[in-house]
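The values are calculated or read from the model by the stated rules, or taken from the named source; none is laboratory data. Here the structure is a predicted model, which is why all the values come from computation and not from measurement. When we count neighbours, we look across all protein chains shown, and the Cβ atoms used for this are built from the backbone with ideal geometry, even at glycine.
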Number of protein chains: 2
Amino acid sequence: MAIDLRFNELITPSLLLDEAKMMHNIDRLEKHTKTLNVSLRPHLKTTKSIDIAHRLLAGGNGPATVSTLAEAEVFFAAGVTDILYAVGIAPQKLARVQSIRASGCNLSIILDNAPQAKAVAKASRDAKNPIPVLIEIDSDGHRGGLRPDDPQLIEIGRILHDGEAELRGVLTHAGESYTVAGKKAHADFAELERVASVAAANALKAAGLPCPVVSVGSTPTAHSARDLSGVTEVRAGVYVFFDLVMAGIGVCRQEDIALSVLTTVIGHQNDRNWILVDAGWMAMSRDLGTSGQAVDQGYGVVCDEAGNIQPDLILSSANQEHGIITHRPGITAPMPDLPVGTRLRILPNHACATAAQHSHYTLIPADYNNALAKWPRFNGW
Amino acid sequence: MAIDLRFNELITPSLLLDEAKMMHNIDRLEKHTKTLNVSLRPHLKTTKSIDIAHRLLAGGNGPATVSTLAEAEVFFAAGVTDILYAVGIAPQKLARVQSIRASGCNLSIILDNAPQAKAVAKASRDAKNPIPVLIEIDSDGHRGGLRPDDPQLIEIGRILHDGEAELRGVLTHAGESYTVAGKKAHADFAELERVASVAAANALKAAGLPCPVVSVGSTPTAHSARDLSGVTEVRAGVYVFFDLVMAGIGVCRQEDIALSVLTTVIGHQNDRNWILVDAGWMAMSRDLGTSGQAVDQGYGVVCDEAGNIQPDLILSSANQEHGIITHRPGITAPMPDLPVGTRLRILPNHACATAAQHSHYTLIPADYNNALAKWPRFNGW
């Protein structure tokens, strides 16, 4: 909703979203996946916003990826009809999956073991509604999934296919791509995703099983992939906003980050070169995702009120509602003069985590003649 | 509200609150502050729950501490009338402070510098409603506040007193007490709080200024203080729930922790001794508060479904909706057999941060004959 919000009357902390930067980020990945000739299935877990989903999804209705069944319910109610729930299914959740499917949503799920597959086959038969399933493939040792040569792959495929579920395909996610920097390294992980998922698809097909969908992706690999032969769709989430973790590994520039937290200076400890602000971890999250990168950004990079990055100034520590701004370690220049009442913006380490701390986005419209808008977001399961 | 929730039908992840443990924790600090002959002003930022505030506050209406003006508004609407907003005031927030005060709330604030004091004096005069102020004192170099011998203390006191605000007293918080372990070390920090705040109060009085309130506290110091001569009230927050950070420094036992996250096993990577569950950082928060302690608990300690601690099993890593359970480093025993669908509880590092990730508590009643209850909580500013 567009409401009569004035920028200088916003409370602090507030979560700001720069529409122009967001639309640029969305456009960038859409163009790249078009050149790769694959479908894009954005992950809505980052934004959890209906307003943003409508700008992000082709035609506003999908395809989309979600991380909770609550997201599936909210986005389906908002018109998104093709939804992949991309967390390995707990058998206890299948009744809810079938309830969402019965309401008309093309909801698919993922799994990587036989007990899950048996439970899904049973839930499919019991409701006479075949649940579409992607088998999760492990391409990089990051988390869940089967190696493509694991004999369980065919066993699980048969349990699903013979058990009246819908074996729709395979899926992988190279989460380890977040730990390396540079286009070449990310392209190598994209190739790991492609090779593992295509090998798994071929193994299923060789066993006489269907595998129409081959789904890969992470934000770093999606932007760096050069060839996705055999892949049908790409998933990515944080690219909509970007963040310091992504900037730190070279997927974007800090200037591309569309999300920031508006904060106010509330005090100083001059003998320690500290500036105290009213954005702590409740506003930023506890995510210290850049702490293992070449440059540790603390809880975030400081910008002025208009969003201009202030070199070498970071939110170096945080309590629940207090943040302490300092120079980066090693910088001995005098601190800038930022009196009590000065407003600043902090760029987040991890956009998914920072957004989750807030009930809404304050949209800074691409057209500055438009009013600020308040876009609600949600959490929960 | 008590609703017809059955424990085995709870969705996962869910935030569980053990009422018996919570009431024991509340009772423990109430008894200790009575022996010290000081008033207890609980910090409601941990729970952000009206149901819990009513069990926590004497007579249900205060005194209380809050970390946001949104908390002040919600708790005042729920009957809490004596509220201290314990984050240094931003001048832009004074109109809202006066609006809350005008509705009948005895809302007080804190500050530590002359620009804030001038703004508060002006807001007091403009509304003809003297805002009660505690001057923040720095007792341990942790964050904000003036050293008790800083000449600005008297200057600020005069700005407030002569400027028609209400100089109500001084306040300190030894946040550094979280970084040391053991009753003796915490008692030493409690004495730092007492000495610094009483010295500041005496300096104000010697200058002819009023100082009726001397407010100190943190959960570690509140439980370990032996003598609070000169202090009028103690503040603490996380003691209601306790958490692994507090257990790690000896303020409580792990068995006293009243908060946990219910989760379900969704898979295994047997060659890596990993158990995958559906509680990631969205359910636990990104807080790794025990990482600097003697025992690093990762994202939390694993319990069985009934809450019994599983020795040496921790949530060692987390993505947004995935957690990976492993043994602690160095343990080579076989992993326990926890099939897909098994439910577990995870004890949190930091109760304030974990609770903030959830919209409600599921109350496990002290009397097991009573129904589970759903207690809402809130966030925001």
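General observations
- Odd one out for A:S260, checked against (1) hydroxyl-bearing (S, T, Y); (2) more than 30 Å from A:T221 (Cα to Cα); (3) assigned to a strand (DSSP E or B): (2)
- The set of residues in the stretch A:337-372 being assigned to a strand (DSSP E or B) and not aromatic (F, W, Y) consists of A:R343, A:L344, A:R345, A:I346, A:L347, A:H360, A:T362, A:L363, A:I364.
- Of all residues in the stretch A:239-249 being aliphatic (A, V, I, L, M) and either in a loop (DSSP other than H, G, I, E, B) or in contact with a strand residue (DSSP E or B) (Cβ under 8 Å, 6 or more places away or on another chain) (or both), the one that is nearest to A:I364 (Cα to Cα): A:V240
- Candidates B:I275, B:I266, B:I324, B:I249, filtered to the one that is more than 14 Å from chain A (Cβ to nearest Cβ) and aliphatic (A, V, I, L, M): B:I249
- Just one of the listed residues (B:P311, B:P334) is in a loop (DSSP other than H, G, I, E, B) and farther than 26 Å from B:K48 by Cβ, and it is B:P334.
- Among the candidates B:A117, B:A165, B:A77, residue that is small (G, A, S), more than 13 Å from chain A (Cβ to nearest Cβ) and surrounded by 22 or more Cβ atoms within 10 Å (Cβ to Cβ): B:A165
- Test: residue in the stretch A:335-353 that is loosely packed, with under 15 Cβ neighbours inside 10 Å and free of Cβ contacts under 8 Å to residues at least 24 places away in the same chain: yes
- Candidates A:G330, A:G323, A:G267, A:G307, filtered to the one that is surrounded by fewer than 24 Cβ atoms within 10 Å (Cβ to Cβ), of a type in the set (G, A, S) and in contact (Cβ under 8 Å) with a residue 60 or more places away in the chain: A:G307
- If the condition is being among the small types (G, A, S) and surrounded by 24 or more Cβ atoms within 10 Å (Cβ to Cβ), then the stretch A:238-259 contributes only A:A258.
- Which listed residue is out of contact with any Phe, Trp or Tyr (no Cβ under 9 Å at 6 or more places or on another chain), under 26 Å from A:K48 (Cβ atoms) and of a type in the set (V, I, T), from B:V302, B:V277: B:V277
- Residue within the stretch A:1-9 that is basic (K, R), outside any loop (DSSP other than H, G, I, E, B) and not assigned by TED's automatic domain parsing to the domain that holds A:N370 present: no
- Selected residue (criterion: farthest from A:A318 (Cα to Cα)) from residues of the stretch A:355-381 that are surrounded by 18 or more Cβ atoms within 10 Å (Cβ to Cβ) and at the interface with chain B (Cβ under 10 Å from one of its Cβ atoms): A:W381
- A:Q92 in contact with a Ser or Thr (Cβ under 7 Å, 6 or more places away or on another chain), farther than 22 Å from A:E233 by Cα and in a helix (DSSP H, G or I): yes
- Selection count where residues are closer than 14 Å to A:Y361 by Cβ, more than 14 Å from every other protein chain (Cβ to nearest Cβ) and buried (at least 22 other Cβ atoms within 10 Å of the Cβ), scope the stretch A:22-60: 5
- The residue list A:A206, A:A196, A:A181, A:A201 contains one member that is touching a helix residue (DSSP H, G or I) at 6+ places or on another chain (Cβ under 8 Å), small (G, A, S) and in the same structural domain as A:P63 (by TED's automatic domain parsing), which is A:A181.
- Test result for A:L160, outside any helix (DSSP H, G or I), closer than 24 Å to A:S67 by Cα, touching a helix residue (DSSP H, G or I) at 6+ places or on another chain (Cβ under 6 Å) and modelled with pLDDT of 95 or more: no
- The single condition from (1) out of contact with any Gly (no Cβ under 9 Å at 6 or more places or on another chain); (2) modelled with pLDDT of 95 or more; (3) farther than 30 Å from B:S317 by Cβ that A:P334 fails is (2).
- Qualifying residue in the stretch B:175-189 (condition: under 15 Å from B:P148 (Cα atoms), surrounded by 15 or more Cβ atoms within 10 Å (Cβ to Cβ) and in contact (Cβ under 8 Å) with a residue 40 or more places away in the chain): no
- Entry remark, the stretch A:113-136: residues being touching a residue at least 40 places away in the same chain (Cβ under 8 Å), of a type in the set (V, I, T) and not in a helix (DSSP H, G or I) number 1 in total.
- Looking across A:S14, A:S67, one residue alone is within 15 Å of the chain's Cα centre (by Cα) and within 12 Å of another protein chain (Cβ to nearest Cβ). It is A:S67.
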